[in-house]
Structures are given as structure tokens and as C-alpha cells.
Amino acid sequence: MHIRILGSAAGGGFPQWNCNCPNCRGLREGSIRAHARTQSSIALSDDGVNWIICNASPDIRAQIEGFPALQPARAVRDTAIRGLILLDSQIDHTTGLLTLREGCPHEVWCTDMVHQDLTTGFPLFNMLEHWNGGLKWNRIGLDDPFTVPACPNLRFTPIPLRSAAPPYSPHRHDPHPGDNIGLFIEDANTGGVLFYAPGLGQVHDHLLDWMAQADCLLVDGTLWRDDEMIQFGCGTKLGSEMGHLPQSGEGGMLEVLAGFPRQRKVLIHINNTNPILNEDSAERAELARQGVEVAWDGMEIEL
């Protein structure tokens, strides 16, 4: 299984265009050791030729330009993107579909709840019908593993995660299973297994069972502290209220990951305020001490 990190940041990217937090200011001024990041997305392939995109970031054009394997190479108009999987209907995981409109039709896999959001509150499916048929919906059933024909050796098992629908969603305050999923991805050729959950608010016992079976855990790295956004004056909500488990503190992501000594552990979907983006920070050193990596744009993993 070939895994390419197209984007490793949370919504807004890093630096965020309107943010003057210590990280964003430090990167712009060159006063901290850090690297710019686009918004979270990964690409998967079982042969290195045909690719599946997980979440369509608003930065997808730049991400394609940075990854030659996705670029046109066989015809005048062409792409190696053979399918898209949406894990939720958040703005930073879906608006890249608008950029891809010239390449429609696209095969898109998502749950009933995500499809509902993307045909009502943010009707991308309806809008894009006007571009060569638009988006072709492939339903993800919450109890049903599925495959994408272009990468037949990859088997995807959806894992419902507890999270809120986006602010625009008609059922924002009425959460349903399928608003947000993780993926358990198995490669039939190599036997490699990836657990992918860029949005993870709570880790229940059933998730621990899935994580224990994986070779690599690519998981939510949004915030270091639950009150981080409030602390820096960048927001009014706790991370837990936004559906993200912080790395630090009792029951935090680091405590969870410590229970998996065999697995490769990588954080993705990192918010611009998170001190782990500063490569010289004490928090980054703590990750290294615990054997936890920080995803970066262009990072490649093979399983």
C-alpha cells in the first residue's frame, strides 16, 4: 500500500491566512523552525499508478502540483485520481471537489449522512451535475467493507466515529452515525494495514481493537491542549467540543498511543496553533521521546 500525505494541517492550513498566533507569526518571520502545510488529505494506491484520494482539500490543486503521480501523463486531459472517499462533510475535506470539476464525472464514496449534507446544506452533488454529470455517489454502508475498482487490492472498512456534523449541516445538533468515519484499510497483496482517523474526538474500546490490528496509526493531531484555541485567543471552543482529542492530558492521544508499542504512529490534521509544529518545542521533543511522528506534506508511507 502506497500512502502519500497530500496535506497534513487542519482547516485553514499553516500558516492560516488570518492568524497571528506564535506559530503562524513565527513561520512568516522565520523565527521558528517549522514548515508550511496544506489542509488534510491523503492519497492511496495499491500499484503506484492508480490513486484514491481520501478527503478533497481546498488546497488540492497545489497538492496535485506537488505530486507528479497525480498529474496528467496519458492524454491531453487526464488524471491518475480514480476515486475519492469522503470521511465527513467538513468544508476543509470537501471543497476540493469544486476545483476538480473540469475532470468530472468523479466516483465518490461517502456515507448516507455525508451525502445528505452535500445535497442539502452544502449541495456539491447538485451543483456539480452541470459538469459532465458531476459526482457519482457510491454509498458507504457503516457495516459493509468496500473496495474501489481502480485499486482492487485495497479493502476499506468504515469505522463510525463520534463527532458533530459541520456548522452548516441541517442536523448539526442532531448527530448520527456516519457523520464522521475512520477507515481500516487492508492491502491484500502485502498484508499491510492502515488505521486512518484524521478527526477523532473519543477513543472507545471498539476503536482500540481496530487500532491493535493495524501496522500504522494515522490519527488526529489537531491540538496539543483541549483549551488551546482559547489560550491563544484564536477561538472560543474546546477541542473536545469540536470533535478532536488533544494529545496531552489524561486520556489524551499520547496516552492512547502509548498502548500500541508495535505500531508506527503518525499525527495528521494539525492545527496552526499546535506547538508541535515548532520543531524545537518541548512538545515536539516529547513526541519524539514517545516514538510519535508528525505528518508533513509530501510524506510517504508504504505498508
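The values are calculated or read from the model by the stated rules, or taken from the named source; none is laboratory data. Being a predicted model, the structure only gives us computed values, none of them experimental. Note that we place each Cβ from the backbone using ideal geometry, even for glycine, and neighbour counts take in every protein chain shown. For the accessible areas, the whole protein counts, side chains as well, though only heavy atoms, and no ligand, DNA or RNA atoms are used. Shrake-Rupley method; radii C 1.70, N 1.55, O 1.52, S 1.80 Å.
How much space per residue, in cubic angstrom, does the convex hull of the C-alpha atoms of region 250-303 take up?
Values: hull volume 5.4 nm³, N = 54.
Given the Cα convex hull of region 250-303, per-residue volume reads 100 Å³.
Gap in Å between the Cα centre of region 175-220 and the Cα centre of region 228-303?
So the separation of the two Cα centres works out to 16 Å.
Taking loop as defined by DSSP and a crowding limit of 12 other beta carbons within 10 Å, which trypsin sites (Lys or Arg not before Pro) in region 17-122 fit? Let's see the in-between values first.
Working: sites: 25, 28, 33, 37, 61, 74, 77, 82, 101; in loops: 33, 74, 77.
Counting only loop positions with at most 12 other Cβ atoms within 10 Å, the trypsin sites (Lys or Arg not before Pro) in region 17-122 are 74, 77.
Pairing rule first: another cysteine's C-beta must sit under 4.7 Å. Under that rule, which cysteines of the chain stay single?
21, 54, 104, 110, 151, 216, 234
Whole number in Å², please: accessible area per residue of the chain, 1.4 Å probe, ligands, DNA and RNA not counted.
On the way: 12810 Å² over 303 residues.
Heavy-atom SASA per residue in the chain reads 42 Å².
Treating only the Cβ atoms of Lys and Arg (+1) and Asp and Glu (-1) as charged, compute the dipole magnitude of region 25-94 about its Cα centre; round to the nearest 20 debye. If you can, show how the numbers build up before the last one.
Details: 8 positive and 8 negative charges, 53 e Å.
Magnitude of the dipole: close to 260 debye.
Taking only the alpha-carbon positions of region 22-79 and ignoring solvent, what does the Debye formula give for the base-10 log of I(q)/I(0) at q = 0.23 Å⁻¹?
-0.95
Which value at 222 nm does the chain reach when only helices count, each DSSP H run of 4 or more adding -39,500 (n - 2.57), with the total divided by all residues and rounded to the nearest 500 deg cm²/dmol?
-4000 deg cm²/dmol
Please compute the Kirkwood hydrodynamic radius of region 1-132 from all pairs of different C-alpha atoms, in Å with one decimal.
Averaging 1/r across every pair of different Cα atoms and inverting gives 15.8 Å.
What is the distance, in nm, between label points placed 7 Å from the Cα along the Cα-to-Cβ direction at residue 31 and at residue 231?
1.9
Applying a 10 Å radius around every beta-carbon, put 225-236, 112-123 in order of their mean neighbour count, most first.
112-123, 225-236
Dipole of region 74-231, Cα-centred, from +1 at each Lys and Arg C-beta and -1 at each Asp and Glu C-beta, to the nearest 20 debye?
620
Roughly how big is the chain's charge dipole about its Cα centre, with Cβ charges of +1 (Lys, Arg) and -1 (Asp, Glu), in debye to the nearest 20?
Numbers: 22 positive and 37 negative charges, 130 e Å.
Approximately 620 debye in magnitude.
Ratio of alpha-carbon Rg to the 2.2 N^0.38 Å globular estimate for the chain, to two decimals, please.
0.95
Report in % the part of the accessible area of the chain that belongs to carbon and sulfur, leaving out ligands and nucleic acids; probe 1.4 Å. Mind dumping the intermediate values first?
On the way: 6420 of 12810 Å².
After summing per-atom areas, the C and S share lands at 50 percent.
In angstroms, what radius of gyration and Dmax does region 111-236 have, counting Cα atoms only?
Computed over the Cα atoms of region 111-236, radius of gyration and Dmax are 16.9, 48 Å.
Name the residue farthest towards the positive end of the dipole of region 164-218 from the options 207, 188, 175, assuming +1 on Cβ of Lys and Arg, -1 on Cβ of Asp and Glu, about the Cα centre.
Farthest towards the positive pole: 175.
Only bridges with both residues in the chain count here: give the DSSP antiparallel percent, nearest 5.
Close to 50 percent.
Using only the alpha carbons of region 36-109, determine the length spanned along each of the three principal axes and report them from longest to shortest in whole angstroms.
The Cα atoms of region 36-109 stretch 32, 29, 25 Å along the principal axes, largest first.
Explain nothing, just the number: relative contact order of the chain, from Cα pairs under 8 Å at least 6 residues apart, as a whole percent.
Relative contact order comes out at 20 percent.
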